[in-house]
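Down below is the structure, laid out as structure tokens.
Throughout, read-outs are computed from the coordinates displayed, never taken from laboratory work. All figures in this text were calculated on a predicted structure; none of them were measured in a lab. Counting neighbours? That spans all protein chains shown, and the Cβs are built from the backbone with ideal geometry, glycine included.
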Amino acid sequence: MPWYFMVDTYIDGQRGRGAYDSYIRLVKPIVERYGGVYLARTEQVRSLSGRRAPQRVILIRFDTRERLEACFASEEYRAIMDLRTESVDSRAVIVEGEL
């Protein structure tokens, strides 16, 4: 059963993107090494709720929850994680999907 990693990102106008652009460039090969497939990775977002208006949305499919968790627990990912956490506000969830 596939699992999906979904994250929406909020970029602080005063802080700017900071190191987030470096994170974007570095994270993709890590995700792909663990079998993750990007289904959406975009800043073309139209919010349907006035209370939630992310500037960027990412949706990644993994074949299993174990692969997803291994990716984000990996040494490679942990080495770049601060580039994201220190530069943007993001909210992530994982969900089980259907084929």
Legend entry - Theoretical gain in end-to-end length, residue 25 to residue 89 [0.36 nm per residue, Cα-Cα removed]: 21.3 nm
Legend entry - Nitroxide proxy distance, nm - points 7 Å out along Cα→Cβ at residue 4 and residue 57: 1.0 nm
Inset, instruction - With r as the distance between the Cβ atoms of residue 17 and residue 64 and R0 = 22 Å, compute the FRET efficiency 1/(1 + (r/R0)^6) and round to 0.05. - result: 0.10
Legend entry - Positive minus negative residues near residue 52 (Lys, Arg vs Asp, Glu; Cβ under 11 Å): +1
Inset, instruction - Show that you can apply the helix-only estimate: for the chain, add -39,500 (n - 2.57) for every DSSP H stretch of four or more residues, divide by all residues, and state [θ] at 222 nm to the nearest 500. - result: -10500 deg cm²/dmol
